[in-house]
């Protein structure tokens, strides 16, 4: 976080407190916060795909950055070797070639990936420690632990690996069992990481990019793996299946749930993905979360958690145009709106794709922040004030806000996000069960007139600090004042694709 120039600070400090209590401006959104009324808790949805340990040569270590962003979970997907059981990487794989067109870099990924697989020889004895290659995965998971996040273990294969079902389902399940023993119970000089979530596979119905077996084979392998994990510890949370096309029913949604219900197979959570490239609608994930919750309830799993294990504005990691978009302020504003809206969704965990410096990541090769990383940092700071305060005046189209206060009543924070669907993004059909929203009209979004009442310190003195993320600002301090009293009125212009974080703290 950076401070603004000394001259600007002087100008801001020389302004009277009346500026902070300034007049209402027409064309601005009226926002009201009652700081004396707790409306619930702010939930951490700071999960990401991609570990802080580099998955390829040339990528930076990001342990400090993950800690600074308050990343709470790391999903072990697309690590290109580590955490994978039986993946095989080939230089000629078309998916891998599309992702990594540079031959030298791809050759390095193939070599490192194959050398990092946990159980490289499926003819080996899964009960013997010498059959396992835990070293590379140990290193990655240790970095996750060091970052302060918890591991969300994805069982399966990464993009560009083989997609065929394992030859021996019972052996595969036994291997997964020993992996859980290694990381949770210390088996084979292992650890006690208390990994809670074990997600089975990734996008099994996505055109054969991760699974080319039948749905029936998938159900069988899941059942054996889930029961093997439960034999290690019945309190482990086991689920799947990381569905890509989550707005459509089918074999890997209703079919999978019906199989688990009929065969009494454990299903502690159902995971699904949502990319908004068809509509750029920041509220679509909420709508889909409600649908998924209804499907789970209707198919006999009212207690199963719902987990959004991949999300972003789009999933195109290949074209330069989309890569630029994913790093942009427009995506940073989209992310802020989504994180606000998901607070009211029937959702238990979420994992952005992705957090590291690889494809679609939050950081560059030197570990410097892209614009979306600043949004995650600002939202991470909101967790310092987890007693949620209701905000009136927002909408579901992109003008979003989140407010909270600290348990000791010494701090109140308001996160305000102004996102609008770009005119260059042409909406298309969301899906048969999630029709495209119509009638989305931006209004009064040139700025905000914010009123905060019933501040917890009464007539006491407090400081006001306002930070901004925009095309020219990187969560920088743009306003600082000393004030007093139990209420505050604040009015500021706020262009589209801008995020403000307002921090009030008792002196």
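The values are calculated or read from the model by the stated rules, or taken from the named source; none is laboratory data. Keep in mind that this is a model prediction, so the values were computed, not measured. Positions of Cβ are backbone-derived with ideal geometry, glycine not excepted, and every protein chain shown enters the neighbour counts.
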(request) Report the residue count in the range 234-284 for those that are in a loop (DSSP other than H, G, I, E, B), over 20 Å from residue 338 (Cβ atoms) and under 21 Å from the mean Cα position of the chain (by Cα). (result) 1
(request) Quick one: in the range 158-200, of everything that is at positive phi and touching a helix residue (DSSP H, G or I) at 6+ places or on another chain (Cβ under 7 Å), which residue is surrounded by the most Cβ atoms within 10 Å (Cβ to Cβ)? (result) 160
(message) Can you pull out every residue in the range 70-87 that is assigned to a strand (DSSP E or B) and touching a helix residue (DSSP H, G or I) at 6+ places or on another chain (Cβ under 6 Å)?
(response) 74
(request) Determine if the range 249-268 includes at least one residue that is within 22 Å of residue 399 (Cβ to Cβ), in contact (Cβ under 8 Å) with a residue 12 or more places away in the chain, outside the structural domain of residue 469 (by TED's automatic domain parsing) and buried (at least 22 other Cβ atoms within 10 Å of the Cβ). (result) no
(message) Residues to consider are 418, 474, 454; find the one that is more than 30 Å from residue 273 (Cα to Cα) and modelled with pLDDT of 95 or more.
(response) 454
(message) Please go through (1) out of contact with any helix residue (DSSP H, G or I) (no Cβ under 6 Å at 6 or more places or on another chain); (2) within 23 Å of residue 277 (Cα to Cα); (3) crowded, with 24+ Cβ neighbours inside 10 Å for residue 359 and return the number of the only condition it doesn't satisfy.
(response) (3)
(message) Looking at residue 67 and the list (1) within 30 Å of residue 340 (Cβ to Cβ); (2) assigned by TED's automatic domain parsing to the domain that holds residue 208; (3) not in a helix (DSSP H, G or I), which single condition is not satisfied?
(response) (3)
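From the list 294, 300, pick out the single residue that is under 17 Å from residue 269 (Cα atoms), without any contact (Cβ under 8 Å) to a residue 24 or more places away in the chain and surrounded by fewer than 23 Cβ atoms within 10 Å (Cβ to Cβ). Talk me through it step by step, then tell me what you get.
Values: 300 fails: without any contact (Cβ under 8 Å) to a residue 24 or more places away in the chain.
Step by step, each of 294, 300 is checked, and only 294 is under 17 Å from residue 269 (Cα atoms), without any contact (Cβ under 8 Å) to a residue 24 or more places away in the chain and surrounded by fewer than 23 Cβ atoms within 10 Å (Cβ to Cβ).
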(message) Pull out all pairs, ordered by first then second residue, where Cβ-Cβ is under 6 Å, the residues are six or more apart or on different chains, the first lies in the range 475-487 and is at positive phi, and the second is crowded, with 16+ Cβ neighbours inside 10 Å and assigned to a strand (DSSP E or B).
(response) 475/467; 475/469
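Among the listed residues 144, 151, which satisfies the condition of being in the same structural domain as residue 238 (by TED's automatic domain parsing) and in contact with a helix residue (DSSP H, G or I) (Cβ under 6 Å, 6 or more places away or on another chain)?
Unique residue meeting the criteria: 151.
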(request) Scan the range 458-472 residue by residue and report those that are in a loop (DSSP other than H, G, I, E, B) and under 19 Å from residue 498 (Cα atoms). (result) 470, 471, 472
(request) Mind counting the residues in the range 442-476 that are more than 18 Å from residue 337 (Cα to Cα) and touching a helix residue (DSSP H, G or I) at 6+ places or on another chain (Cβ under 8 Å)? (result) 1
(request) State yes or no: is residue 28 surrounded by fewer than 22 Cβ atoms within 10 Å (Cβ to Cβ), over 30 Å from residue 347 (Cα atoms) and in contact with a helix residue (DSSP H, G or I) (Cβ under 6 Å, 6 or more places away or on another chain)? (result) no
(request) Looking at (1) modelled with pLDDT of 95 or more; (2) under 22 Å from residue 474 (Cα atoms); (3) touching a strand residue (DSSP E or B) at 6+ places or on another chain (Cβ under 7 Å); (4) assigned to a loop (DSSP other than H, G, I, E, B), find the lone condition where residue 48 falls short. (result) (4)
